[in-house]
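Okay, so here's the structure we're looking at.
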Amino acid sequence: MEPLSARTTSRPFAPADGKQSPAQIPEVLPKDAHNATLVANVHPPDWQNPEPAPRYNLVVIGAGTAGLVAAAGAAGLGAKVALVERHFLGGDCLNVGCVPSKCMIRSSRVLGDLAVAHELGISLPSGATVDFPAVMERMRRLRARISHHDSVHRFHDQLGVDVFLGEGRFTGPDTIGVDGKVLRFKRAVIATGARPVHPPLPGLAEAGFLTNETVFSLTERPNRLALVGGGPLGCELAQAFRRLGCEVTVVEMEPQFLLREDPDAAAILFTVFQREGIEVRLSTTLKKVTCVGNEKHLYLESAGRQETLVVDIILVGVGRAPNVEGLNLEGVRVAYDRKKGVMVNDRLQTTNPRIYAAGDVCLDYKFTHTADATARVVIQNALFFGRKKLSTLTIPWCTYTDPEIAHVGLSEREAEKQGVAIQTFLIPFKEVDRAVVDGEEEGLVKIHVKEGTDQILGATIVARHAGEMINEITLAMTAKIGLGALSSVIHPYPTQAEAIRKAADAYNRTRLTPFVKKLFNSWLAWTR
Ligand SMILES: Cc1cc2nc3c(=O)[nH]c(=O)nc-3n(C[C@H](O)[C@H](O)[C@H](O)COP(=O)(O)OP(=O)(O)OC[C@H]3O[C@@H](n4cnc5c(N)ncnc54)[C@H](O)[C@@H]3O)c2cc1C
């Protein structure tokens, strides 16, 4: 088994220019039985593209979450559907995103627990030993196991979708070319996703760096890792690698990492990172990189001061660029921006009314669940004269650090920007019994309501399982249930979700005005 070299700039999971023939799919490293199963499912080497039908109701370019959901949903409703994928069905989420990262995070959480075991009265005589190759092998095994959901054969044989492996490109007003074949469509969906941005920094490409497309091919633990970019990817992987035993430095040019998050939430995580020994350099810019032997020297600048950071591996996570190139979008009058992606209206229609877009290629919020949700909107609007609007979706998200940070709706910052008056109810976890007994007091629930009402506009939760807890708030917002009503929802004791009920109780207490209180007092005195 050939481990991926830390010096490599090759991209085992993606081509450099996106212009390869189907035969030149990226290599999936390391070459082991798990990756062989994965590839057999998501890009079987012996796959023969079918003969195209005379005309399709829907042709989907890109088989990540957005493309798969659009294709499966439309086919399930009886549409004749073609799905075109140049690399691997499942896209980023299965292959180089959510699935492999969450597998690593799961292993690293065990180490997080072991690190505080003594606080819970458990002593570990010899400490914990990390078997990094085994952690990565587990990840590859589980990724391969899950991959049958997204397999070419499932989509073709069970769901009745014509799957074409190859680079898709618009060739006429109602045609897409792939592998020398012409697919004629009534409607098309662009679901080509996004890729990691490669910053054009002096010396970086020459020194070699990893992105999400290559990091999950590691089979050996790096000793010293620099994470360039303090977004969700950077923070999740920084903590995972640190717990797995690496020296980790996060370099972030902004004064806060996780810039989209509530500053109080980011501050809690910052404290946790410091305690766990993760170096976080905020307001710091990477200027250039040089290679000295096997080491990479990063030249950093912060408040006019320069310093050099020496590491073995650089992992870059500075943003995502939409895959808009090579599709001949100009030829079919689909407007796009190289940074923002394909332009869509509120019904996810592009500037060509026959062509829609879904997922990372057109969204600001690049998540698997938004790719899924927008694909569902597209099915309704493209095939059934639906009027479903993107702006009506309530979109939560979660960063899977420990503790997790989950958010939905408006933040305080956005409310201020939009001139929306809000009232915030904050419950710190040190006031929640379950968090105290679990030793997980570092966290909070913050719920914002429109001032003078109990209409929930947004919420942030910092908790070990914040991603699970946020669903109660999202449900309330979607179903237009006010915060006051959540106070009558019985939560099992002791659970961390009781923090939500406590916030609702706090809201209800604000309704007990001096006048109402006086009224109650009089009534109770009279009925004594
Ligand atoms: C490390 C990491 C962790 C993440 N973790 C999470 C998480 O925990 N939760 C979450 O919600 N989101 C997470 N995400 C984001 C999530 O992976 C993406 O939002 C999601 O995969 C987007 O799906 P998509 O279908 O829009 O695009 P993609 O998954 O990128 O799929 C697009 C597909 O189109 C194909 N394609 C492109 N051009 C062409 C062409 N011309 N012809 C044919 N095919 C083409 C590509 O090969 C690709 O397979 C994570 C991302 C990363 C990088």
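The values are calculated or read from the model by the stated rules, or taken from the named source; none is laboratory data. It should be emphasised that the depicted structure is a prediction, and the values quoted were computed from it without experimental measurement. Ideal geometry is used to build each Cβ from the backbone, glycine not excepted, and the neighbour counts take in all protein chains shown. Side chains are part of the model used for accessible areas, which takes the heavy atoms of the whole protein and leaves out ligands, DNA and RNA. Shrake-Rupley method; radii C 1.70, N 1.55, O 1.52, S 1.80 Å.
Just to verify a result, which residue in region 365-389, among those that are under 21 Å from LYS340 (Cα atoms) and either of a type in the set (Gly, Ala, Ser) or modelled with pLDDT under 95 (or both), is farthest from the ligand (Cβ to nearest atom)? Checked region 365-389; the qualifying residue farthest from the ligand (Cβ to nearest atom) is ALA373. Of the residues making up region 74-89, those that are outside any strand (DSSP E or B) and within 14 Å of the ligand (Cβ to nearest atom) number 4.
Taken over region 237-254, the residue count meeting the criterion of being surrounded by 24 or more Cβ atoms within 10 Å (Cβ to Cβ), within 16 Å of the ligand (Cβ to nearest atom) and farther than 21 Å from SER302 by Cα is 4.
Between ARG195, ARG224, the distinction of being within 16 Å of the ligand (Cβ to nearest atom) and in contact (Cβ under 8 Å) with a residue 24 or more places away in the chain belongs to ARG195 only. Here is the figure for region 40-79: residues that are free of Cβ contacts under 8 Å to residues at least 60 places away in the same chain and under 16 Å from LEU159 (Cβ atoms) total 1. Any idea which residue in region 43-63 is nearest to GLY193 (Cα to Cα), counting only those that are within 12 Å of the ligand (Cβ to nearest atom) and out of contact with any Asp or Glu (no Cβ under 6 Å at 6 or more places or on another chain)? Once the filter is applied, the top-ranked residue is GLY62. Out of region 93-144, which residues are closer than 28 Å to ASP360 by Cα and without any contact (Cβ under 8 Å) to a residue 24 or more places away in the chain? Result: ARG106, single match.
Yes or no, residue by residue, for (1) modelled with pLDDT under 95; (2) away from the ligand (no atom under 16 Å from the Cβ):
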site: GLY91; (1), (2): no, no
site: SER123; (1), (2): yes, yes
site: VAL161; (1), (2): no, no
site: ARG187; (1), (2): no, yes
site: ALA191; (1), (2): no, no
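On inspection, ALA71 qualifies as assigned to a helix (DSSP H, G or I), touching a strand residue (DSSP E or B) at 6+ places or on another chain (Cβ under 9 Å) and either within 13 Å of the ligand (Cβ to nearest atom) or of a type outside the set (Gly, Ala, Ser) (or both). You will find that of ALA415, ALA406, ALA476, the residue that is in contact with a helix residue (DSSP H, G or I) (Cβ under 8 Å, 6 or more places away or on another chain), open to solvent by less than 20 Å² (accessible area, probe 1.4 Å) and part of a helix (DSSP H, G or I) is ALA476 and no other. Within region 420-436, is there a residue that is assigned to a loop (DSSP other than H, G, I, E, B), buried (at least 18 other Cβ atoms within 10 Å of the Cβ) and not basic (Lys, Arg)? The answer is yes; a qualifying residue exists. Considering only residues in region 321-340 that are within 10 Å of the ligand (Cβ to nearest atom) and open to solvent by less than 60 Å² (accessible area, probe 1.4 Å), the one that is farthest from GLY97 (Cα to Cα) turns out to be ASN328.
Is it the case that region 302-320 has a residue that's in contact with a His (Cβ under 6 Å, 6 or more places away or on another chain), surrounded by fewer than 21 Cβ atoms within 10 Å (Cβ to Cβ) and farther than 23 Å from GLY73 by Cβ? Yes, because at least one residue in region 302-320 is in contact with a His (Cβ under 6 Å, 6 or more places away or on another chain), surrounded by fewer than 21 Cβ atoms within 10 Å (Cβ to Cβ) and farther than 23 Å from GLY73 by Cβ. Report yes if GLY359 is touching a strand residue (DSSP E or B) at 6+ places or on another chain (Cβ under 7 Å), within 16 Å of the ligand (Cβ to nearest atom) and modelled with pLDDT of 95 or more, otherwise no. No; evaluated as a whole, the condition is false for this residue. At negative phi and touching a Cys at 6+ places or on another chain (Cβ under 7 Å), is that true of GLU412? Spelling it out, it is not the case that GLU412 is at negative phi and touching a Cys at 6+ places or on another chain (Cβ under 7 Å). Here GLY458 fulfils each of the conditions (1) in contact (Cβ under 8 Å) with a residue 60 or more places away in the chain; (2) under 14 Å from ALA406 (Cα atoms); (3) not aliphatic (A, V, I, L, M) apart from (1). Taking only pairs six or more apart or across chains, which ones have beta-carbon atoms under 9 Å, a first residue in region 306-326 that is acidic (Asp, Glu), and a second residue that is within 11 Å of the ligand (Cβ to nearest atom) and open to solvent by 20 Å² or more (accessible area, probe 1.4 Å)? That search, which allows pairs on different chains as well, returns GLU325/LYS19. In region 255-276, how many residues are open to solvent by less than 30 Å² (accessible area, probe 1.4 Å) and either in contact with a strand residue (DSSP E or B) (Cβ under 9 Å, 6 or more places away or on another chain) or closer than 11 Å to LYS446 by Cβ (or both)? So the answer is 8.
When you look at LYS389, is it in contact with an Asp or Glu (Cβ under 6 Å, 6 or more places away or on another chain), surrounded by fewer than 18 Cβ atoms within 10 Å (Cβ to Cβ) and not small (Gly, Ala, Ser), yes or no? Against the criterion (in contact with an Asp or Glu (Cβ under 6 Å, 6 or more places away or on another chain), surrounded by fewer than 18 Cβ atoms within 10 Å (Cβ to Cβ) and not small (Gly, Ala, Ser)), LYS389 qualifies.
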